[in-house]
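Novice: Below are the structure tokens for one structure; questions will follow.
The values are calculated or read from the model by the stated rules, or taken from the named source; none is laboratory data. Just so we're clear, the structure is a prediction, and the values are computed from it rather than from any experiment. Every residue, glycine among them, receives a Cβ derived from its backbone with ideal geometry; neighbour counts consider all protein chains shown. Surface accessibility is based on the protein's heavy atoms, side chains included, excluding ligands, DNA and RNA. Shrake-Rupley method; radii C 1.70, N 1.55, O 1.52, S 1.80 Å.
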Amino acid sequence: MNNHLKRIIRCMSLSVLFAGVAMFNYAQSNKRPAAQDQVAENMLLYQRLSGGWAKAVHGRKIVYDISLTEAQKYQIKQEKGLKDATIDNKATSREINYLVKAFDKTRDSAYLLSAQKGIDYLLKAQYDNGGWPQYYPDSSLYRSQVTFNDNAIVNVLNVLDNVVLQKNGYEWVDPKYQPRCATALQKGIGCILKTQIKVNGKRTGWNQQYNKNTLLPEKARSFELVGLASAESAAIVEFLMNQPRPGAAVKAAVTGAVDWLKSVAIEGYTVQKVEDPNEPGGGKNVVLKKTENSRIWARYYEIGTNRPFFCGRDGQKKYNLQEIETERRLGYSWYGSWPERIITKDYAKWLEQYGD
């Protein structure tokens, strides 16, 4: 046997040895450690085959910080194929955010893989127009609408932003997601710019939900009529102000929305829940109370008039909150201070950095 052949055999032997060591190390690294995070373990159980998470099952909100019985775990596994995954009420974005941080603490690869599967879900659910439906793949009723309601799309965009900038624990996410998330992020911002409502040529705020094809404002639930939504508009503005190197379109959107929010503030009032003997069972009522140096915003403003309006489950627009049934009057946030920090602090700082 010549020396050249010996060297070949020796190299082949070393390659086999190295491959064997690598396979052993891979097998060892993929052995899951004992559960170190009960919340994360429950999130793994509840993740749907689509990659997203539901916000409730059988009418009950999903709670992660509990111990599940084996029977409960079995039932949850049987329901993985349900098409109830959503971005509503922080669902899916909340789980992804938690799981990347759980991986950072435990180095359990199952948590990171689950988070990445959730990111895949968000990328797959996005419409070509840049928006996201409230639910995916369920498209029944209002679930297919482009949804800013309860900050659904903003929560998704913040996840994508974290991936692109590798911050808040997302530095562990596979780098292959960065270009895809960057594209989705820009498409999402484009959707925000397209859906900002203009009145007489002036930019205002945003409606809660839009038609998935036309991007025209649409109503959602019976008590969520078309209108300018101050809470969601404030969240959108905050997101846009956090974008580095904003272009002219983003600057115009921010400035227009802030000007509108300033113009519709209800100065000199706060909102309170008070005992009211005229309510059924002598319960509580929602009232405005005069308070110096204070301001609040109505949840909804009529497009064109900026008149605050309210709605019960009958779907009829009212201009007096007291005309709404007790259950809806107390069970929905009709007033709030959502834009306060933006107007008093954040916007001025943003102008210093990006104002022309």
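Novice: Rounded, prolate or oblate, given the Cα gyration tensor of region 126-279, with a/c below 1.5 counting as rounded? It would help to have the intermediate numbers written out before the result.
Specialist: Working: a/c = 1.63, a/b = 1.46, b/c = 1.12.
Prolate.
Novice: Could you tell me which of the pairs LYS55/LYS176; LYS77/LYS187; LYS101/LYS251; LYS117/LYS176; LYS251/LYS345 are separated by over 24 angstrom between their Cα atoms in the structure shown? Display every interim value, and only then the final one.
Specialist: Values: LYS55/LYS176 28 Å; LYS77/LYS187 34 Å; LYS101/LYS251 33 Å; LYS117/LYS176 13 Å; LYS251/LYS345 17 Å.
As for pairs spanning more than 24 Å Cα to Cα, those are LYS55/LYS176; LYS77/LYS187; LYS101/LYS251.
Novice: In whole percent, and with a 1.4 Å probe on the protein chains, what portion of the accessible area of region 180-226 is carbon and sulfur?
Specialist: 50
Novice: Would you grab the residues whose amide H sits under 5 Å from the one on THR92? Only those 5+ places off in sequence or on another chain, please, with H modelled 1.01 Å from N.
Specialist: Here TRP53 satisfy the definition.
Novice: Further question on the same structure: Give me Rg over Rh for region 80-161, both radii from the alpha carbons and Rh done the Kirkwood way, two decimal places.
Specialist: Rg/Rh for region 80-161 comes to 0.99.
Novice: Using a 1.4 Å probe over the heavy atoms of the protein chains, calculate the carbon and sulfur portion of the accessible area of region 240-316 as a whole percent.
Specialist: On the way: 1960 of 4050 Å².
Exposed carbon and sulfur together represent 48 percent of the surface.
Novice: Using the reciprocal of the averaged 1/r over all distinct C-alpha pairs, how large is the Kirkwood radius of region 236-351 in Å?
Specialist: It is 16.1 Å.
Novice: How much net charge surrounds ILE189 when only the other residues with a Cβ under 13 Å from the Cβ of ILE189 are counted, with Lys and Arg +1 and Asp and Glu -1?
Specialist: Net of charged neighbours comes to +3.
Novice: Can you list the lysines whose alpha carbon is less than 19 Å from that of LYS290, not counting same-chain residues fewer than 8 positions off?
Specialist: Straight-line reach from LYS290, under 19 Å: LYS262, LYS273.
Novice: Check which residues have an amide H placed less than 5 Å from GLY205's amide H, if you skip close sequence neighbours.
Specialist: Long-range HN contacts for GLY205: ILE197.
Novice: OK, next. Work out from phi, with θ = phi - 60° and the Karplus expression 6.51 cos²θ - 1.76 cosθ + 1.60, the ³J(HN,Hα) of each residue of region 65-76, listed in order in whole Hz, and give x for Gly and Pro.
Specialist: 8, 9, 8, 9, 6, 4, 5, 5, 4, 4, 4, 4
Novice: Here's something else I'd like to know. Under a straight-distance cross-link criterion of Cα-Cα below 13 Å, which aspartates and glutamates are reachable from LYS61, leaving out those fewer than 8 residues away in the same chain?
Specialist: In chain and number order, the partners are ASP84, ASP88.
Novice: I'd like the Karplus ³J(HN,Hα) series for region 333-345: coefficients 6.51, -1.76, 1.60, θ = phi - 60°, whole numbers in Hz, and an x wherever there's a Gly or Pro.
Specialist: Result, ordered by residue: 8, 7, 9, x, 10, 3, x, 4, 5, 4, 6, 7, 10 Hz.
Novice: Before rounding to the nearest 500, sum -39500 (n - 2.57) across all DSSP H runs of length at least 4 in the chain and divide by the residue total; then give [θ] at 222 nm in deg cm²/dmol.
Specialist: One gets -13500 deg cm²/dmol as the mean residue ellipticity at 222 nm.
Novice: Quick one: check the C-alpha center-to-center distance for region 337-353 versus region 251-305, whole angstrom.
Specialist: So the separation of the two Cα centres works out to 19 Å.
Novice: Which one, (1) 15; (2) 32; (3) 26, gives percent of Cα pairs over 37 Å apart as derived from the coordinates shown?
Specialist: Recomputing percent of Cα pairs over 37 Å apart here picks out (2).
Novice: About its Cα centre, how strong a charge dipole does the chain have in debye, to the nearest 20, once Lys and Arg get +1 and Asp and Glu get -1 at the Cβ? All intermediate terms of the calculation are to be shown ahead of the outcome.
Specialist: Working: 50 positive and 36 negative charges, 207 e Å.
I would put it at about 1000 debye.
Novice: Ignoring ligands, DNA and RNA, what percent of the 1.4 Å accessible area of region 80-125 is carbon and sulfur?
Specialist: 54
Novice: What residues have an amide H closer than 5 Å to that of ARG295, excluding those fewer than 5 places away on the same chain, when H is modeled at 1.01 Å from N in the peptide plane?
Specialist: Residues meeting the amide H criterion: GLY268, TYR269.
Novice: Here is a follow-up. Put +1 on the Cβ of each Lys and Arg and -1 on the Cβ of each Asp and Glu in the chain; which of TYR111, ILE96, TYR300 then has its Cα farthest toward the positive end of the dipole?
Specialist: The residue sitting farthest along the positive end of the dipole is TYR111.
Novice: Then there's this: Quick check on my link table: of LYS90/LYS284; LYS202/LYS289; LYS124/LYS167; LYS194/LYS219, which ones sit more than 24 Å apart, alpha carbon to alpha carbon?
Specialist: Long pairs (Cα-Cα over 24 Å): LYS90/LYS284; LYS202/LYS289.
Novice: Heavy-atom accessible area per residue, the chain, 1.4 Å probe: how many Å²?
Specialist: 52
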